[in-house]
Amino acid sequence: MIRNLFILLYQFNIFKRIVPSILRKLSLFKKSQTVSLENFKMNLHFKSSIDREIYLKNHYESKQINFLTSQFELEKIDLFLDIGSYIGYYSLFLYNKIQNIYAFEPNSENYKKLKKNILINNFKIKTFNCACSNFDGESKIWYTDVNKLGGSSVFDENDKEIEKYDFKKILFEKINVSKLDNLIKVVKKKIIIKIDVERHELMVLQGAIKLIKNNNIFLQIEIFDSRKKIILDYLIENGFKLKNNINKDYFLSNY
């Protein structure tokens, strides 16, 4: 009942900032809440802006995920790879379309929440607590706020984004990284891949080149404007054609 009231109020511009603020304060008394969405449940933490958005809108990135869902309706998809899955919204939403799902999330706290969300739905989604990259080994992620872990990024000394922040206040976490080619070894399959990795896109693609060359790939990839040319050029050079873009998400296929 109270959630329905919050959802109703959030539809009016005058309450757009007030309602999330109330939820943040409520989180002092209740750290998380499990809610029912379209066809699954999620345990949401009100201190996270992404979680609050899901709670108040009852959906997340609806335009992007609706376009992605249309691909499942057009043809038979063998595999869905959710790279940078955060707490699993895409994987959970698409589970009624395909059960062969692999979710990748390097941040340890996000990974715990991802596993919990899979468990409360009794879904069988294979998970990896690692970052996809162009090498196998160890690295680290960085973030500026424990309540904004959806923006965790693999550390790159050439990444200018980190210069916007006080380096002494940046938080780091050691992680494992792997080439996607060494984790997923299939050929002649139709695969949908969603990549949301905060400026680490090129390295993910480089580590998945065999997978790309040996399969039909439909790709959703979030690209920041500063990385747009280099990423799209790389994809086009490797046989992809642009199908659509919604905000910072670009949709391409190699077939």
**Message:** Going through Lys16, Lys97 one at a time, which residue ends up being within 25 Å of Val187 (Cβ to Cβ), free of Cβ contacts under 8 Å to residues at least 40 places away in the same chain and either assigned by TED's automatic domain parsing to the domain that holds Lys190 or not small (Gly, Ala, Ser) (or both)?
**Reply:** Lys97
**Request:** Go through the range 110-141 residue by residue and tally those that are among the hydrophobic types (A, V, I, L, M, F, W, C) and within 16 Å of the chain's Cα centre (by Cα).
**Result:** 8
**Message:** Given the criteria in a helix (DSSP H, G or I), at pLDDT 95 or above and crowded, with 19+ Cβ neighbours inside 10 Å, does Leu92 qualify?
**Reply:** yes
**Message:** Taking the condition of being within 11 Å of the chain's Cα centre (by Cα) and small (Gly, Ala, Ser), how many residues in the range 89-109 meet it?
**Reply:** 2
**Prompt:** If you take the residues in the range 53-88 that are over 16 Å from the mean Cα position of the chain (by Cα) and among the basic types (Lys, Arg), which one is nearest to Lys248 (Cα to Cα)?
**Reply:** Lys57
**Message:** Being within 17 Å of Lys194 (Cβ to Cβ) and out of contact with any Ser or Thr (no Cβ under 7 Å at 6 or more places or on another chain) narrows it down to one residue among Lys112, Lys140, Lys116, Lys126; which is it?
**Reply:** Lys126
**Request:** Would you mind stating whether Asn110 is assigned to a helix (DSSP H, G or I) and either touching a residue at least 40 places away in the same chain (Cβ under 8 Å) or under 25 Å from Glu53 (Cα atoms) (or both)?
**Result:** yes
**Request:** Considering only residues that are in contact (Cβ under 8 Å) with a residue 40 or more places away in the chain and of a type outside the set (A, V, I, L, M, F, W, C), look in the range 185-203 and name the one that is surrounded by the most Cβ atoms within 10 Å (Cβ to Cβ).
**Result:** His200
**Asked** Can you tell me which of Gly207, Gly239 is more than 19 Å from Ser70 (Cα to Cα), in contact with a Cys (Cβ under 8 Å, 6 or more places away or on another chain) and of a type in the set (Gly, Ala, Ser)?
**Response** Gly207
**Asked** What do you reckon, is Tyr86 in the same structural domain as Leu205 (by TED's automatic domain parsing), in contact (Cβ under 8 Å) with a residue 40 or more places away in the chain and not charged (D, E, K, R)?
**Response** yes
**Request:** State whether one or more residues within the range 119-130 are basic (Lys, Arg), closer than 22 Å to Asn58 by Cβ and touching a strand residue (DSSP E or B) at 6+ places or on another chain (Cβ under 6 Å).
**Result:** no
**Request:** Mind telling me which of the residues Asn238, Asn182, Asn216, Asn245 ends up being in the same structural domain as Asn107 (by TED's automatic domain parsing) and within 28 Å of Ser108 (Cα to Cα)?
**Result:** Asn182
**Prompt:** Going by the conditions given, is Val197 under 22 Å from Lys140 (Cα atoms), modelled with pLDDT of 95 or more and assigned to a strand (DSSP E or B)?
**Reply:** no
**Asked** Is it true that Asp51 is outside the structural domain of Asn176 (by TED's automatic domain parsing) and acidic (Asp, Glu)?
**Response** yes
**Request:** Could you tell me whether Ser36 is more than 17 Å from Leu114 (Cβ to Cβ) and free of Cβ contacts under 8 Å to residues at least 40 places away in the same chain?
**Result:** yes
**Request:** Identify, from the list Asn176, Asn244, Asn182, the residue that is more than 27 Å from Asp145 (Cα to Cα), touching a residue at least 12 places away in the same chain (Cβ under 8 Å) and in a strand (DSSP E or B).
**Result:** Asn244
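The values are calculated or read from the model by the stated rules, or taken from the named source; none is laboratory data. Computed from a predicted structure; not experimentally measured. Neighbour counts run over all protein chains shown; Cβ positions are idealised from the backbone, glycine included.
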